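Worksheet: the structure to be examined is printed underneath.
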Amino acid sequence: MQWTILGAGAVGSLFATHLLRIGQKVNLLDTRQAHRQQSCPMTLALLDSSSFTCELPCIGYQDLSQIGCLLVTTKVWQVIPALQPLVGGLPESCPVILLHNGMGTTEWLVEHFPHNPLLAGVTSCGALKKDSNHISHTGFGETWLGALNPAGEQWQALVPPLAEALGHAGWSEQISERQWRKLVVNAIINPLTAAYNQPNGVLLQHQHEVEALCQELHPLLLQQGFNESVAEWCDLVLQVVERTAQNYSSMQQDLAYQRKTEIDYITGYLLQQAEKQGLELPRHRALYLKVKVLESQHTTS
Ligand SMILES: NC(=O)c1ccc[n+]([C@@H]2O[C@H](COP(=O)([O-])OP(=O)(O)OC[C@H]3O[C@@H](n4cnc5c(N)ncnc54)[C@H](OP(=O)(O)O)[C@@H]3O)[C@@H](O)[C@H]2O)c1
């Protein structure tokens, strides 16, 4: 199997090095460049404190014959600009897997790559890229893949190498459900911790806010076909909070480092879905606006 990683940040470098470590063929694609010839040295720090050093071949968007199974690991707001140079050029045999937090890229993908096998992934692996040549696997997690179109259904064979590489991977017939569950958890933990500018554990002191946000989402979740009670959604969120109490959320980190956040595809996506159903989410909207203000403070200063 040839794997091509589009977006060699934390998650992309983690997947790339783990896959290479178990003998898979891997290259890194940068669609901001037409061609790339050099390779990128990378050292992976594994969870058992061992390390693995390798050279990852790099390619550009015109090196089409070298693109294999395309794993897209950019931030969600980078997905469409990163894939745009491949529209009309990517061989139809190449599967495309989207692996990001947030939702809202699938429709564009299906419209622009109608003949490719299309898949989505959800991962709870933790990764931290210390610099361009060092990646740390910071937390064991589950990775699930599922099809976004009928051609994607034929690609369940992608799962075993990922399972061997990462310690867990599975095939999901309900990948959209898994994406939604992660979306809900992210929509509560990310903006709240970003607003408090604290690690995730701070939410244990603000459980009433978590409950209120779950309560407000509940009618939308029922309309999406989820049967859980408000208390069950709260439990799901608080379990993640407890498990990751010492960690900073990606949104808190994005704001701390003055980077663009994924809020438009997390809370923003929920607000859009609610509006389509004629539902109001005032608490979520207030959090959305709070994060947008914080984000604009560093982009305008
Ligand atoms: N980090 C984690 O532990 C973790 C865990 C689970 C899920 N996630 C999710 O996974 C996604 C990726 O997160 P991340 O932490 O890995 O983000 P990240 O470190 O910012 O990685 C994204 C990478 O994509 C690169 N990129 C953007 N456009 C590109 C293009 N056209 N061609 C090639 N590369 C391009 C970026 O380069 P530049 O920096 O130069 O723009 C960056 O290196 C996010 O949705 C995140 O929420 C992350």
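The values are calculated or read from the model by the stated rules, or taken from the named source; none is laboratory data. What you see is a predicted model, and the numbers here were worked out from it, not measured in a lab. Note: ideal-geometry Cβ built from the backbone for every residue, glycine included; neighbour counts use all protein chains shown.
Residues to consider are Leu28, Leu98, Leu19, Leu44; find the one that is in contact with a Phe, Trp or Tyr (Cβ under 6 Å, 6 or more places away or on another chain), crowded, with 19+ Cβ neighbours inside 10 Å and part of a strand (DSSP E or B). So the residue among Leu28, Leu98, Leu19, Leu44 that is in contact with a Phe, Trp or Tyr (Cβ under 6 Å, 6 or more places away or on another chain), crowded, with 19+ Cβ neighbours inside 10 Å and part of a strand (DSSP E or B) is Leu44. Annotation note: of Ile135, Ile59, Ile80, the sole residue that is assigned to a strand (DSSP E or B) and under 20 Å from Ala34 (Cβ atoms) is Ile59. The set of residues in the range 230-272 being within 18 Å of Val293 (Cα to Cα) and more than 18 Å from the chain's Cα centre (by Cα) consists of Ala256, Tyr257, Gln258, Leu271. Scanning the range 268-301 for residues that are of a type in the set (S, T, N, Q) and in contact with a Lys or Arg (Cβ under 8 Å, 6 or more places away or on another chain) yields a single hit, Thr299.
Criterion applied to Leu203, Leu119, Leu192 was being under 18 Å from the mean Cα position of the chain (by Cα) and surrounded by 15 or more Cβ atoms within 10 Å (Cβ to Cβ), and the one residue passing it is Leu119.
The criterion of at least 3 residues that are surrounded by fewer than 19 Cβ atoms within 10 Å (Cβ to Cβ) and basic (Lys, Arg) is met, among helices (runs of 4 or more DSSP H) falling completely within the range 240-301, by 282-300. When each of Val184, Val230 is tested for being over 23 Å from Gly141 (Cα atoms) and surrounded by 14 or more Cβ atoms within 10 Å (Cβ to Cβ), the lone residue that passes is Val230.
Looking at (1) surrounded by fewer than 21 Cβ atoms within 10 Å (Cβ to Cβ); (2) modelled with pLDDT of 95 or more; (3) within 12 Å of the ligand (Cβ to nearest atom), which one does His134 not meet, given that it meets all the others? Just one mismatch for His134, condition (3). Of the residues making up the range 104-112, one or more are crowded, with 19+ Cβ neighbours inside 10 Å, outside any loop (DSSP other than H, G, I, E, B) and assigned by TED's automatic domain parsing to the domain that holds Ala45.
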